[in-house]
Amino acid sequence: MRDVALVPLLGRLLNKIGLWKSSPKPLSAKDELWLFTNTAFRSSQNPNQWTAEFVACYFRYNTGDQASCIIASFVQKLGIIESDAAEKIVAERVELFLNLIQPNRTVEVMVDNGKGGNILLGPGGPSGISSNLLPFRDSSYRDGQLVLSAAKLPKGYERFGRGLHGFESITTVFAEPEGWGVISDIDDTIKITHVLNNLEILRHTLELPAQPVPGMPEFYRNVLQPTFNNPVWFYLTASPYNLYPFLSRFLDDFGFPKGTAILRDKSWQDIEEFIITSLTVGTQEYKFDRISKIHEWFPRRKMVLIGDSTQKDPEVYGDAARMWRGWVGAIYIRVVKGVDEVKEKELNSAQRFENAFRGVDRELWTTFEDVQEIMGPLTAVARAGPSGAEGFKRG
């Protein structure tokens, strides 16, 4: 059994260094599929056509189950976790990283339950991820409409007794070119992670139930959503893509507005460190690149950027505001305290924020500890409206 499990891993390594290329293969009954929620936008080449980026992840089902259980049991014996319930959570989350990835997989998806025809996703790359920018056949979808599409699963896909884990279907949010948009960080902006403490990162990622920053779900759902007239939502995180099920459920469980979660293409099976390094290394370049993509999709919308002080959100958002003057309508930075006072002294300093937002209109950015502090500025921004968001020039 161990030798069989090593075959796909060896093939993936040879594929990555160019010594062997396998042909694309359709999803099999022994695979596991994740489809990411996405956002449809009007094509710049054809304004009457909807287009969206379809992201899929392919794994060899259950290949990380035994190892994850061993790790969880070992962690409990060390006294790091104390209950059987916590051990189960650790095993489930560790398995997200240990299941072998399946490169070169493809999958057929029935758009709008077949009403919009079928599309082919893939083949996946060396990380087991495929990303396809594809048009929709139907141009009649409306702004804000949610459309469900589902994968055509091979016979026997459910035979392992796991049933469907909920990620074989994809929800597409349709958004017209104009209006508001929100780009929000996740860790320590809306979800407690304690990024400044490496041990706490691991505990909040692998052991503890996901918990929101107090007041943020209600603020996003009951204030931001109606105030900005149902904006298009993007949740941009430096977390590795293996955490998509965990973070997707977090967003749904706490009632955050439906949107696209953008995660980092990073995996231990890509011979790179993950979790800690994903959250702390190279985040500025990664996030700016993803924001650039959102700008390409929605150059005429006006964006509200929300982040926190623990990483590079101020610097990234400052870069975006300088690059596309007028496209960024407001920036809100949550000041995180009580995790690491030494690091926080510098990260939360006025000088840090002045440097990050140098050249940016002072009225554009606001720092806060409690969301109640930004109610006034937010209302004023929304009242001004997204008008004038067309034809922004780089600064």
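The values are calculated or read from the model by the stated rules, or taken from the named source; none is laboratory data. These numbers come from a predicted model, not from an experiment. All Cβ positions, even for glycine, are placed from backbone atoms using ideal geometry, and neighbour counts span all protein chains on display. Accessible surface is based on the protein model in full, side chains and every heavy atom, while ligands, DNA and RNA are left aside. Shrake-Rupley method; radii C 1.70, N 1.55, O 1.52, S 1.80 Å.
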Within the group Ser139, Ser130, which residue is part of a loop (DSSP other than H, G, I, E, B), open to solvent by less than 70 Å² (accessible area, probe 1.4 Å) and among the hydroxyl-bearing types (Ser, Thr, Tyr)? Ser139
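With the requirement that a residue be small (Gly, Ala, Ser) and open to solvent by 10 Å² or more (accessible area, probe 1.4 Å), what does the stretch 202-249 give you?
Ala210, Gly215, Ser248 - these are the residues of the stretch 202-249 that are small (Gly, Ala, Ser) and open to solvent by 10 Å² or more (accessible area, probe 1.4 Å).
Can you spot a residue in the stretch 298-308 that is at pLDDT 95 or above, more than 25 Å from Phe174 (Cα to Cα) and of a type outside the set (Val, Ile, Thr)?
Yes, the stretch 298-308 contains a residue that is at pLDDT 95 or above, more than 25 Å from Phe174 (Cα to Cα) and of a type outside the set (Val, Ile, Thr).
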Of Ser267, Ser184, which residue is modelled with pLDDT under 95 and in contact with a Gly (Cβ under 8 Å, 6 or more places away or on another chain)? Ser267
From the set of residues in the stretch 108-127 that are assigned to a loop (DSSP other than H, G, I, E, B) and free of Cβ contacts under 8 Å to residues at least 24 places away in the same chain, which is nearest to the chain's Cα centre (by Cα)? Gly125
Whether any residue in the stretch 108-117 is modelled with pLDDT of 95 or more, open to solvent by 30 Å² or more (accessible area, probe 1.4 Å), of a type in the set (Asp, Glu) and in contact with a Lys or Arg (Cβ under 6 Å, 6 or more places away or on another chain) is what I want to check. yes
Which numbered condition Glu369 misses (of (1) out of contact with any helix residue (DSSP H, G or I) (no Cβ under 8 Å at 6 or more places or on another chain); (2) open to solvent by less than 20 Å² (accessible area, probe 1.4 Å)): (2)
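When the stretch 310-363 is examined, which residues are found to be of a type in the set (Asp, Glu) and either outside any loop (DSSP other than H, G, I, E, B) or crowded, with 16+ Cβ neighbours inside 10 Å (or both)?
Asp313, Glu315, Asp319, Asp340, Glu341, Glu344, Glu346, Glu354, Glu363
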Phe254 passes all but one of (1) out of contact with any Cys (no Cβ under 9 Å at 6 or more places or on another chain); (2) under 18 Å from Asn38 (Cα atoms); which number fails? (2)
Restricting the stretch 284-309 to residues that are polar (S, T, N, Q) and surrounded by fewer than 23 Cβ atoms within 10 Å (Cβ to Cβ), the residue that is farthest from Val371 (Cα to Cα): Ser292
If Ile275 satisfies every condition in (1) at pLDDT 95 or above; (2) at positive phi but one, which is the exception? (1)
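This table checks each residue for (1) within 19 Å of the chain's Cα centre (by Cα); (2) part of a helix (DSSP H, G or I); (3) acidic (Asp, Glu).
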| residue | (1), (2), (3) |
| --- | --- |
| Thr172 | yes, no, no |
| Pro177 | no, no, no |
| Ile183 | yes, no, no |
| His194 | yes, no, no |
| Ile201 | yes, yes, no |
| Leu206 | yes, yes, no |
| Arg221 | yes, yes, no |
| Asn230 | no, no, no |
| Tyr235 | yes, no, no |
I need the full set of residues from the stretch 21-41 which are open to solvent by less than 60 Å² (accessible area, probe 1.4 Å), in a strand (DSSP E or B) and within 18 Å of Ile119 (Cβ to Cβ), in order please. Leu33, Trp34, Leu35, Asn38, Thr39, Ala40, Phe41
